[in-house]
Amino acid sequence: MQIEIKHIAKNFKRKQVLRDICLEAKSGSCIGILGANGCGKSTLLSILAGIQDCNSGSFLCDGVDLLKDNKKRAELVGYVPQGTPLIEELTAKDNLLLWYDKKTMKEQLSKGVLALLGIGEFLSVPVSKMSGGMKKRLSIGCAMAKEPPILLLDEPTAALDLSCKQSIGAYLRHYKQSGGLLLLTTHDVMELELCDAWYIIRDGVLVPFTYDGNVQKLVESL
Amino acid sequence: MKKYLFVQLKRLLRILPPVVLVAALLFGCVIVAYGAMKDLEEDSGKTTKFQVGVVGTAGDTYLQLGLKALESLDSSRFAVELTEMEESEAETAMRRGDISAFIVIPEGFLDAAFRGEIIPLKFVCSSTSLSLVTMLKDELTRVVGTLLLEAQKGSYGAWGAMEENGFDGNQVLNDISIEYAEFVFDRSNIYRVSRLTVFDGLGMDGYLISGFCIILFLLICLTFAPMMIHRDHALSRMLCTHRRPVSLQVFCDFAVYLLGLICVIGIVLLCAAVLAGYRASLQAVLQGLTIVFCLGAMSFLMYEIASDMISGVLLQFFLILALCFVSGCLYPITFFPDAVQKLSGFLPTGLARMQLADSILQTSSLDTTVALLGYGVLFIAGSVLVRKLKVAGVRG
């Protein structure tokens, strides 16, 4: 499976946030999108997830424009936004039931994605009592309900401690190895190491960048 | 969306017990506040004695007699004490608050009255005549003037007639004056009439109850804040990617919120029914539902606008205060200027108060019902728009 993002542009009134975003990626890879705050990283992901419209451009998956085919996009694309896409008053199980049917949830908890994320450990804990790491794992678990081959992650490990970053990183590595395509926005070095290709959004355009572990060089490029 | 609705209902069940508890507490507070206001009203009714200054009567025995007669006549609870004084003295006393008003009887008043002519009396009362008590004071001040004028005219007329016919009128003049005064003015009736026209056809009790009910309802809406305020719109965004559009999300959320409100109101009404023996008719229930729909939608829109708990609660609270004040829920609307009274008729809270008054009086107004439903629909449309903007408003 191959995705092609072609000439995506987005204006907020007079301000052009994204001018000409172009990108190609194949399944089993991870693309890291970097850039200064407010440069349009989250906007790009929300356009690809179908939350907001772009002014022009396309998002092709094996030739099908997912920006026009909502049904196909819902099947193929999973999206984990910034923040907590969970209902605070309810338990992890109740939240999962919003996305899974009971049978699938049980299966996934025993030997599927939910087991890999370790959600079974806190299944009956209300979200309001969960740590940041638990919430993020649960959010990813919810986004993976339809086992989408493309996963969009908006700063997935922001504000998490190192062990949480590590466990989420381990899952994402597994997802990639099993043929998934990851597109993530990040400011995090650990996440950068997960990526196979890196791009910086500068003046509304994606600029390729090679990350070799030199953070100073990365900072200067932003 | 069935799953989403189901999950939201589950969420409602989780938060309903504390909300009901808080609503019961609020209900108790409102009952206590209402009781205190009633006590205050009754106490003030028992003890209020209005001080009225009278200027320009010195040296005239007939006028003094009239004043004494008036004081002895005044057996109603709004007793009046008349004090003779100079005009400058009266002005100072009024500024100090020693007297509520004063009447200036102009020079030549008696001669003119003797000739059957009327020289207008001058009434001076405080400019803050917007309260019920002050309104009664104004009324009473007018009454004193009328009573004096008419009593004196009648008394002098009768005295003149007796003199012309060779009778000694002095003996019966005082009695005639008193009887004339009683005939001219039936104070309690005038007071009752003014009360009936002031409060949408409701007595003070009904008015206070309807106003407090609106406030109570809006405060109950406030208790749903933890459930209704979205810290971020991440869930909405994720639902959008799964082809669950914002409009459907809002309808589901509002339906659940409305159900929660109806449950809480139902429990409160049930308590009222048990405690006070109140039984609502079907029409009253339907009218109540239109109020719940409209004000619930208004509060829902406020929750959509709010970005966090503190701003959400403050926004709602100050909106409740402002709207309830302008709509006459905290204070009788008739004491507001005409422009505010007209505005109140267009505000959701004002319409809700009128609808509640209708349900208490067992009448109905199609205009009010349609306006409330229209407002409700507008608020829901506004909520959809606000959430769409917030969900799409991702920058970074």
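The values are calculated or read from the model by the stated rules, or taken from the named source; none is laboratory data. All values reported here derive from a predicted model rather than from experimental measurement. With ideal geometry, Cβ positions are generated from the backbone for all residues, glycine too; neighbour counts draw on all protein chains shown.
Quick notes on this one:
- Within the range B:1-32, considering residues that are in contact with a Cys (Cβ under 9 Å, 6 or more places away or on another chain) and aromatic (F, W, Y), the one nearest to A:E89 (Cα to Cα): B:Y4
- Options B:S311, B:S365: the member that is touching a helix residue (DSSP H, G or I) at 6+ places or on another chain (Cβ under 7 Å), among the hydroxyl-bearing types (S, T, Y) and at negative phi: B:S365
- Some residue of the range A:34-47 being farther than 26 Å from A:A145 by Cβ, facing chain B (nearest Cβ under 9 Å), without any contact (Cβ under 8 Å) to a residue 24 or more places away in the chain and assigned to a loop (DSSP other than H, G, I, E, B): yes
- Out of A:L34, A:L48, one residue alone is surrounded by 22 or more Cβ atoms within 10 Å (Cβ to Cβ), under 18 Å from A:P208 (Cα atoms) and aliphatic (A, V, I, L, M). It is A:L34.
- Options A:Q16, A:Q108: the member that is closer than 30 Å to A:S124 by Cβ and more than 9 Å from every other protein chain (Cβ to nearest Cβ): A:Q108
- Test: residue in the range A:20-28 that is closer than 30 Å to B:I229 by Cα and either part of a strand (DSSP E or B) or more than 8 Å from chain B (Cβ to nearest Cβ) (or both): no
- Elements of type helices (runs of 4 or more DSSP H) contained in the range B:190-241, each with 1 or more residues being in contact with a helix residue (DSSP H, G or I) (Cβ under 9 Å, 6 or more places away or on another chain), within 14 Å of another protein chain (Cβ to nearest Cβ) and modelled with pLDDT of 80 or more: B:225-228, B:234-241
- Residues within the range A:74-96 that are assigned to a strand (DSSP E or B), in contact with a Leu (Cβ under 6 Å, 6 or more places away or on another chain) and within 7 Å of another protein chain (Cβ to nearest Cβ), tallied: 1
- In the set (1) under 19 Å from A:S42 (Cβ atoms); (2) free of Cβ contacts under 8 Å to residues at least 40 places away in the same chain; (3) within 14 Å of chain B (Cβ to nearest Cβ); (4) touching a helix residue (DSSP H, G or I) at 6+ places or on another chain (Cβ under 6 Å), the condition left unmet by A:T157 is number (3).
- Residue check for B:I320: more than 26 Å from B:H233 (Cβ to Cβ) and either modelled with pLDDT of 90 or more or surrounded by 15 or more Cβ atoms within 10 Å (Cβ to Cβ) (or both): no
- Any hit, the range A:58-67, residues being more than 7 Å from chain B (Cβ to nearest Cβ) and touching a Gly at 6+ places or on another chain (Cβ under 8 Å): yes
- Against the test of being buried (at least 22 other Cβ atoms within 10 Å of the Cβ) and either within 14 Å of chain A (Cβ to nearest Cβ) or of a type in the set (A, V, I, L, M, F, W, C) (or both), the options B:L378, B:L356, B:L389 yield a single qualifying residue, B:L356.
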